[in-house]
């Protein structure tokens, strides 16, 4: 047994650091944001712990096949006899080790969620973990079949098909939907939050590098779900301010027709009075009637 | 049961299951509308004139869903075709004309009232250039022609629903039916198959208005098949 343990220990001591230093920096989702760095670190920690477990199984399997093969002389009968009895030390060791790993990862996961302000996941409308940054840029993500659009409330509430973010800035994504459930997955930002109608699902991250971002819907949402993607970018603060102000100006004529900025849009609200639904439409009805806007009483 | 008998039962069930799977896949793939080819209609590099119409009900002459809202396209020979798969050349100007015969309503998201991604981000509505249409006014917006992956979206302003000559079923024609003529131009990108859709949930009788014709290729969505 000690020969097996020695082989396992040597392999683990060699392969774990090799993985961490050679492969670890390239593990998704990269390091574009604080959430991405955190998630990359989490994946690496999980792998560093999983690799020795995997090696233990593989080493035992390989050792058994080679050393205890039936054709090898002197190998005891596998069924019956003292060799078939349980080994208390191994059993206790296995249970204790498994328990320590699982409970340790439980604590590790909780700490990571708290210290990274939700680790890029949607925290619902009342996040309990928030960034410590003094200023946080709010960006609203509006999902609709089948496109994400983005509103910038601190720039007059304009809405754009483009997702542009400033570098080195804490961002609060307010994710909502105008129809069915979608999922906002900005891969390089390591942001993933469900987009539910009438719900403000908040996810935080802090940008650390400029570059391009791939956004996909990650909730099967209908015919064009597969085409519900776009590319965003993280740019310098200066470039972002120039873009935001220029877009605010260019879209001003349409912004005044949008409903006032809100974190959610009530489906049966009045079209021009604050909602995204026409007056005569009940979005939950199977018999919607579209036509001219009825006169308001 | 003998081994041979059990094997026969298992093989029989497997064949039945495989048959259902093949039937389902083929059934899903076959009913695609025909591709209307605009790549050979004019000299290479010349603009393509793409004329479509939107109708409130496709009528009895075009398949199994006569009450569904739909697009029709005029092929290079001048015939109205019930198809939403259009083959066009890459890096070429497309002069789009939409004959909008359907009525409108306020948009679920007024963002789609803005003309986006076309040349100059502008369109003409019955000859009048506009870049933003407030769907909460007038007759609202009936449909949009949008290619989301290319950032193109054009609001198709609705006709007066109270007009006594509103077209009831396709193919519609003016001046016998009230119509809005929308014109705009855009330049195709590189080769690819780009889905296009309507952003008005106009699938009457379906949850959120996005089922039925909104979720069936050939009615309110299709592909812009851009060829090199």
Equivalent ellipsoid semi-axes, chain B, via Cα gyration tensor eigenvalues times 5, rooted, Å: 38, 22, 17
In degrees rounded to 10, the 0-90 angle between helix A:2-18 Cα long axis and the longest Cα principal axis of chain A is 30 degrees
Mean other chain Cβ within 10 Å across B:97-109 is 5
Provide, for q = 0.06 Å⁻¹, the log10 of I(q)/I(0) from a solvent-free Debye sum over equal Cα point scatterers in the protein assembly as shown. -0.42
By count of other Cβ within 10 Å, fewest leading, how are B:57, B:70, A:71 ordered? A:71, B:57, B:70
Where does chain A land at 222 nm, in deg cm²/dmol rounded to the nearest 500, when only DSSP H runs of n ≥ 4 count, each adding -39500 (n - 2.57), divided by all residues? -11000 deg cm²/dmol
With a/c under 1.5 counting as rounded, go ahead and sort the stretch A:41-135 into rounded, prolate or oblate using the C-alpha gyration tensor (a ≥ b ≥ c being the square roots of the eigenvalues; past the cut-off, prolate if a/b is larger than b/c, else oblate). prolate
Helix A:34-67 versus the longest principal axis of chain A: what is the Cα-based angle in degrees, 0 to 90, to the nearest 10? 30 degrees
From other protein chains only, count the Cβ atoms within 10 Å of every residue's Cβ in A:249-261, then give the mean. 4
Taking the beta-carbon count within 10 Å as an exposure proxy, list A:182, B:143 from fewest neighbours to most. B:143, A:182
Direction-averaged shadow area of the convex hull around the Cα atoms of chain A, nm²? 23.4 nm²
C-alpha long axis of helix A:88-115 to longest principal axis of chain A, angle in °: 20 degrees
Inter-chain Cβ neighbour average for residues A:153-162, partner chain, 10 Å: 2
DSSP bridge orientation in the protein assembly as shown - percent antiparallel, rounded to nearest 5: 70 percent
Rounded if a/c is under 1.5, else prolate if a/b is larger than b/c, else oblate: which is the stretch A:136-273, with a ≥ b ≥ c the root eigenvalues of its Cα gyration tensor? oblate
Rounded to a whole number, the Stokes-Einstein D of the stretch A:174-244 in µm²/s (Kirkwood radius over Cα pairs; 25 °C; 0.890 mPa s) is 186 µm²/s
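Every number in this text was worked out from the coordinates using simple rules, so none of it is lab data. None of these values were measured; they are calculated from a predicted model. All Cβ positions, even for glycine, are placed from backbone atoms using ideal geometry, and neighbour counts span all protein chains on display.
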